[in-house]
1. Scan segment 80-107 for residues that are under 15 Å from the mean Cα position of the chain (by Cα) and either buried (at least 17 other Cβ atoms within 10 Å of the Cβ) or more than 16 Å from the ligand (Cβ to nearest atom) (or both) and report the count.
2. In segment 68-110, what residues are modelled with pLDDT of 95 or more and at positive phi?
3. Please give the number of the condition residue 25 fails out of (1) at pLDDT below 95; (2) within 16 Å of the ligand (Cβ to nearest atom).
4. Looking at segment 70-79 only, could you name the residues that are surrounded by 17 or more Cβ atoms within 10 Å (Cβ to Cβ) and in a strand (DSSP E or B)?
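The values are calculated or read from the model by the stated rules, or taken from the named source; none is laboratory data. Since the structure is predicted, the reported quantities are computational estimates derived from the model, not experimental observations. No Cβ is skipped: glycine too gets one built from the backbone with ideal geometry, and neighbour counts run over all protein chains shown.
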Ligand SMILES: [Cu+2]
């Protein structure tokens, strides 16, 4: 019980031997801290394991905190480790991506990263 509590409090830092099913983000497009002069039209996030559809969310915001995605974040039908959302046309600037999913062990995994669109 104590181990589970610690795991919940430090999501993302769980000891793998106790929570082998605890998903972590392994890849994204755009990548974390990527700088690109071609504005992406969608954001993709991949995890190392399938994640559940419950509690799933993917939000992309500009520096003013305004949503720039089309609020359509969803898991791919054939690949439940792949989360994506389409974007409104992006102007140059820095963007933040926030994701939340439920891993197979039931824990909520959240994370955040940034990318940049240059002139
Ligand atoms: Cu966990």
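1. Qualifying residue count, segment 80-107: 17.
2. Within segment 68-110, 71, 93 meet the criteria.
3. Here residue 25 clears every test but (1).
4. Hit for segment 70-79 is 75, nothing else.
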